[in-house]
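The values are calculated or read from the model by the stated rules, or taken from the named source; none is laboratory data. On a predicted model such as this, the values are computed, not experimentally measured, just so you know. Cβ placement follows ideal geometry from the backbone for every residue including glycine, while neighbour counts extend to all protein chains displayed. Just the protein is used for accessible areas: all its heavy atoms, side chains included, with ligands, DNA and RNA removed. Shrake-Rupley method; radii C 1.70, N 1.55, O 1.52, S 1.80 Å.
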Amino acid sequence: MYYKELIDILQETYKIQIKTICDSPAIMDIRRLDSSEYHWNENVLYIGSLLEIKTPPDRPIMLLSVDEHLPILEGSNHARICPEDLSSISRVAKDLILEDLRGDGLYFELAQLALTEKNIKTIINSAARLLGNALILVDSSQKVLAHSTLYEIVDPLWVQNIEMGFCSYEFVQKVRSNNHMKEWSKHGRATQLITLPGDLQPKLVARITQQNNVVGALIMVEHHSRIQRFHYRLLPLIGRLILDIFNRDLVSEGAQGSLFGATLYNLLDEAEISNPQEYITMTKLKFPEKMFVIVARYVHNIDNRYLKRTLNVELERIFPKGHSVKYKNYNGILVPSVSEEQREELSKLAQNEDISIGLSWPFNSILEFKRHFNQAVASIKQAQRFGQINQVFDYCDYNFYDMLYNYTGKMILEHYTHPALKVLRKYDKANSTELFNTLRVFLENKNNLRSTAEALFVHRNTLIYRMNRIQQLTNLDLNKVGVVYSLMDSFRIDFFIIARREDSHPL
């Protein structure tokens, strides 16, 4: 504890007049002044009457004095207290300093343990034991990274969060609407006592920051020991220590997969690989017989390195048999299969983390990895051109647009669209009708009148009238497969042309 910090706490209860405040070392002890001889110490807080001392200070000191006027060496910290408060302030200051020193001792003990102990569960349980309360470590995306098991947590929402491995929507909404949380967001203190409606245990929450970015929080749940002042100062330090150990665990666990990651990166970069087949043979790595590439990218550029790193951790959690790689602004993972459950997990990840995710076609040779990585990237880029983000985009749905985007022929793309589209668009403009869109939806619904009418929210008779009018204007034979394919491709080309035009001329 430092002199100014102690004075701020004491001023909440006592009338204290600050005389001088300077930079000071930490307070390591406290001593009442009497008529004894003194060997003055810069780390000791002296309290009493300095005028009664036979040997005046020979160096700057920290002093709480009852004296009204007092000559003191430059660089000293000095505040005047009321004589009647002397005994009371002495007791309170001693308790505060001892409590703070105890906190420093606890942190030192935990830091020493962290030098030898590699397991995050052991560390967080040791920290909980030293603090006397349960601890929960979460990251900035509300994922529960680790929690202690020594002390019971009885609040139902936190029990649910721990069981699920992430904070529930109900819990997050409660936190965001909480007045304590709103106040904390404004003031930005490192630690805050947060109490939600219905809480059975008070929670002390400490932000964990890295490079000025909030990367997580350590929550202390009061149960075995009451929350004390030193917890407010100590909890952010312990949070950073535990998070560092958690990240160290991740690196250790991922060491085996690092060769896969390096290999995948080299296949993408190809700067020093003259013979990819020979390179793969030399690595002696075995890849699955069937593979997909999944690529994720943040919709908005971020500088938070921690978030970028944890995105791959999330992908590896969803695909435990996958091999991850980070290339440029993309987080990728090579996987042997993609189940419906995993697709749902990816969709949730895209929505919750503000990212877009691309999925390649399947392939059988690792030598085709780069091409399929680019397929997944193209899915994201093409979808974004059409204003689509925060979803999982399958290359099957975007390969045609990717082909058009990379088209380098001499003939302009408009020449490859069926003339019926131009006829219908012109008619719609002149008569305020919707025949162009009606035909598109009809084809997308496999020429089914019922499902088309439902998709357009029109009566079946209205749809029949529109289809008859389309037939009169275009003479299309929609029973021919070739005509249907040609029209579908034409709609996609038209859709692409409009999107590219808007992309090149943003508002």
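Among the residues of the range 103-126, the ones that are open to solvent by 10 Å² or more (accessible area, probe 1.4 Å), outside any loop (DSSP other than H, G, I, E, B), closer than 27 Å to V154 by Cβ and out of contact with any strand residue (DSSP E or B) (no Cβ under 6 Å at 6 or more places or on another chain) come to 5 in all. Tell me, please, whether a residue that is crowded, with 16+ Cβ neighbours inside 10 Å, part of a strand (DSSP E or B) and touching a Phe, Trp or Tyr at 6+ places or on another chain (Cβ under 8 Å) can be found in the range 337-356. Yes, the range 337-356 contains a residue that is crowded, with 16+ Cβ neighbours inside 10 Å, part of a strand (DSSP E or B) and touching a Phe, Trp or Tyr at 6+ places or on another chain (Cβ under 8 Å). When the range 453-507 is filtered for residues that are in a helix (DSSP H, G or I), among the hydrophobic types (A, V, I, L, M, F, W, C) and more than 52 Å from the chain's Cα centre (by Cα), only L473 remains.
Scanning the range 390-419 for residues that are more than 21 Å from F292 (Cβ to Cβ), in contact (Cβ under 8 Å) with a residue 24 or more places away in the chain and not in a helix (DSSP H, G or I) yields T417, H418.
Of the residues that sit in the range 313-336 and are assigned to a helix (DSSP H, G or I) and among the β-branched types (V, I, T), which one is most open to solvent (accessible area, probe 1.4 Å)?
Within the range 313-336, the subset assigned to a helix (DSSP H, G or I) is 313-318.
Cutting the leftovers down to among the β-branched types (V, I, T) gives us 313, 318.
Values: V313: 35, I318: 13 Å².
Step by step, filter the range 313-336, then rank; the result is V313.
Across the range 362-383, the qualifying residues are those that are without any contact (Cβ under 8 Å) to a residue 40 or more places away in the chain and either in a loop (DSSP other than H, G, I, E, B) or farther than 24 Å from D269 by Cβ (or both), and the one among them that is nearest to the chain's Cα centre (by Cα) is A383. Within the range 207-231, residues that are touching a residue at least 24 places away in the same chain (Cβ under 8 Å) and within 17 Å of I124 (Cβ to Cβ) sit with their Cβ atoms under 7 Å from residues that are in a loop (DSSP other than H, G, I, E, B) and β-branched (V, I, T), at 6+ positions apart or across chains, in these pairs: V221/I153. For the range 283-311, taking the residues that are open to solvent by 60 Å² or more (accessible area, probe 1.4 Å) and within 17 Å of G322 (Cα to Cα), the one that is modelled with the lowest pLDDT is identified as R309.
Of everything in the range 150-167 that's part of a helix (DSSP H, G or I) and of a type in the set (A, V, I, L, M, F, W, C), which residue is surrounded by the most Cβ atoms within 10 Å (Cβ to Cβ)? Give the derivation first.
Here is the first cut: in the range 150-167, the residues part of a helix (DSSP H, G or I) are 156-164.
Subsequent filtering for residues that are of a type in the set (A, V, I, L, M, F, W, C) retains 157-159, 162, 164.
Numbers: L157: 16, W158: 24, V159: 12, I162: 17, M164: 12.
The extreme case among them is W158.
Out of L200, L218, L243, L196, report the one residue that is assigned to a helix (DSSP H, G or I), at pLDDT 80 or above and of a type in the set (A, V, I, L, M).
Details: L200 fails: assigned to a helix (DSSP H, G or I); L218 fails: assigned to a helix (DSSP H, G or I); L196 fails: assigned to a helix (DSSP H, G or I).
On inspection, the qualifying residue turns out to be L243.
For every residue, the table says whether it meets (1) open to solvent by 30 Å² or more (accessible area, probe 1.4 Å); (2) modelled with pLDDT of 90 or more; (3) assigned to a helix (DSSP H, G or I).
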position: K4; (1), (2), (3): yes, no, yes
position: I27; (1), (2), (3): no, no, no
position: I72; (1), (2), (3): yes, no, no
position: I97; (1), (2), (3): no, no, yes
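Say whether the condition of being open to solvent by 20 Å² or more (accessible area, probe 1.4 Å), more than 20 Å from the chain's Cα centre (by Cα) and at pLDDT below 75 is met by at least one residue in the range 127-149. For the range 127-149, residues open to solvent by 20 Å² or more (accessible area, probe 1.4 Å), more than 20 Å from the chain's Cα centre (by Cα) and at pLDDT below 75: absent.
Among the residues of the range 375-387, not a single one is surrounded by fewer than 16 Cβ atoms within 10 Å (Cβ to Cβ) and over 20 Å from I497 (Cα atoms).
The test for being basic (K, R), out of contact with any His (no Cβ under 9 Å at 6 or more places or on another chain) and open to solvent by 70 Å² or more (accessible area, probe 1.4 Å) does not hold for R80.
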